[in-house]
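S.K.: Below is one structure. I have some questions about it.
The values are calculated or read from the model by the stated rules, or taken from the named source; none is laboratory data. Bear in mind that the values here come from a model prediction, so they are computed numbers and not experimental data. Cβ: placed from backbone, ideal geometry, glycine included. Neighbour counts: every protein chain shown.
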Amino acid sequence: MIKHILTLVWNKKRNNVLMLLEIFVAFLILFAVFTFTIYYLRIYQSPLGFETEDTLLVNLAMDQEMDSLALLEMRQQLRREIESYPEVEAMSFLSGITPFSGSMWSWGNDDNGFYMQTAIFPTDEYYQKTADIELAEGRWFEEEDYTGTYPPVIINQKLKDTYYPDKPVLDSLFTLDGENKIVGVAKHFKYQDEFSEEIPLTFLLRPLHHNDLNSIQIRLLPNTPAEFEAKLNEGLARITKRRDFVILSLDARRERTSRLTWIPLIAGLSICGFLILNIALGLFGVLYYSINKRRAEIGLRRALGATKGEITSQFTLEVFLVAFAGMLLAAVLAVQFPLLNIVEIPANNFYWSILATMLLISLVVLGCAVTPSRQAAGIHPAQALHEE
């Protein structure tokens, strides 16, 4: 039967080539959208490593001419003021490198015996409690670290796995603009974007008088009313003698940043939906046209003893073989992307995308072929031969 169906497909190659090209193009479009969708959703499902709910960020506009003593006194006053509010659970000073801000500071050198590049995140000894960061090993910064022999640093697990696989790192020296001592390893800290891969990162301890600390992250108690921001605004203005600072919700910033990726993904998937609909309508049209043109052939086969199931299988397999040929050609082209490393995406995302695309198109083709094929099987042989 397969040989007979292949012969029928070949004899109608001019009609089938259009369907093959439609499947070929649709496969490549679906493959591209599914690849990026799978890639970004996998990143999205990986943990951030810190809390964003009930958290405020304050971007201070500091006077660049203030000396370190004045900065220290003002920040100490800000800490006392903010921690005195009953709504505040914890607070911490940060640099301009804050979560989801789009700002990044990286450092690279080969002073450790190999080339290493890491993102830098300056903060103070209270940031773990404020952001609820979970440590894989070691500890967070402490006040005693300010007077230690070596400046302390905390790295994330990504940095350890990338540059120190299967090696103990706690209390080891780490060269980064001078020698530092690793005191802890954070499990995760994906601060750029929910859809950005976690990168090697190093936390630096900064004293209150350091010029870097021009942002504040505040963790509030659950269900804190929005009116608290007005009270916080007045307290900040009174101490800094300025009103050009910005207070924003970290959770709202996270959602706003993620929306830049969600919108293209949803748009791409919507296009895929319309594409699948067009494929389905095209298959219905081709099959109904083929049945009307081949009523005599169907009637003759039925008169010679072909069952309804055999007729249904014949039409279904004809369509599926044409679709499979189109998918196979497209899959051969698609598999070149991971093999040639054309796009900097892990290869398994491409392979899963090829599998998902083939499965989806196969289901659509088989689903669309069933009803017209059953209609062909229902043609009465005497009526078909009489009409012919």
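S.K.: Being touching a residue at least 60 places away in the same chain (Cβ under 8 Å), out of contact with any His (no Cβ under 6 Å at 6 or more places or on another chain), within 26 Å of Arg253 (Cβ to Cβ) and assigned to a helix (DSSP H, G or I) narrows it down to one residue among Ile82, Ile120; which is it?
M.R.: Numbers: Ile120 fails: assigned to a helix (DSSP H, G or I).
Just a single option satisfies the conditions, and that option is Ile82.
S.K.: Return a yes/no flag: does the stretch 156-167 have any residue that is at pLDDT 90 or above, closer than 29 Å to Arg253 by Cα, of a type in the set (Lys, Arg) and assigned to a loop (DSSP other than H, G, I, E, B).
M.R.: No, the conditions are met nowhere in the stretch 156-167.
Matching residues to (1) on the phi < 0 side of the Ramachandran plot; (2) outside any loop (DSSP other than H, G, I, E, B):
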residue: Val169; (1), (2): yes, no
residue: Asp177; (1), (2): no, no
residue: Gly184; (1), (2): yes, yes
residue: Phe189; (1), (2): yes, no
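S.K.: Separate question: Could you tell me which residue of the stretch 212-239 is surrounded by the fewest Cβ atoms within 10 Å (Cβ to Cβ), considering only residues that are part of a helix (DSSP H, G or I) and touching a strand residue (DSSP E or B) at 6+ places or on another chain (Cβ under 8 Å)? Give the steps one after another, and end with the answer.
M.R.: Filtering the stretch 212-239 for residues part of a helix (DSSP H, G or I) gives 228-239.
Applying the additional criterion that residues be touching a strand residue (DSSP E or B) at 6+ places or on another chain (Cβ under 8 Å) yields 228-229, 232-233, 236.
On the way: Phe228: 18, Glu229: 16, Leu232: 21, Asn233: 14, Leu236: 19.
Ranking the candidates gives Asn233 first.
S.K.: Taking the stretch 130-163 on its own, how many of its residues are touching a helix residue (DSSP H, G or I) at 6+ places or on another chain (Cβ under 8 Å) and among the polar types (S, T, N, Q)?
M.R.: 0
S.K.: If you don't mind, another one. Going by the conditions given, is Thr52 outside any helix (DSSP H, G or I), over 16 Å from Asp212 (Cβ atoms) and not assigned by TED's automatic domain parsing to the domain that holds Pro222? Walk me through it before giving the result.
M.R.: Working: outside any helix (DSSP H, G or I): yes; over 16 Å from Asp212 (Cβ atoms): yes; not assigned by TED's automatic domain parsing to the domain that holds Pro222: yes.
Spelling it out, Thr52 is indeed outside any helix (DSSP H, G or I), over 16 Å from Asp212 (Cβ atoms) and not assigned by TED's automatic domain parsing to the domain that holds Pro222.
S.K.: Out of Glu51, Glu73, I need the residue that is among the charged types (D, E, K, R) and either touching a residue at least 60 places away in the same chain (Cβ under 8 Å) or buried (at least 19 other Cβ atoms within 10 Å of the Cβ) (or both). Which one? Show your work before the answer.
M.R.: Values: Glu73 fails: either touching a residue at least 60 places away in the same chain (Cβ under 8 Å) or buried (at least 19 other Cβ atoms within 10 Å of the Cβ) (or both).
Answer to the selection: Glu51.
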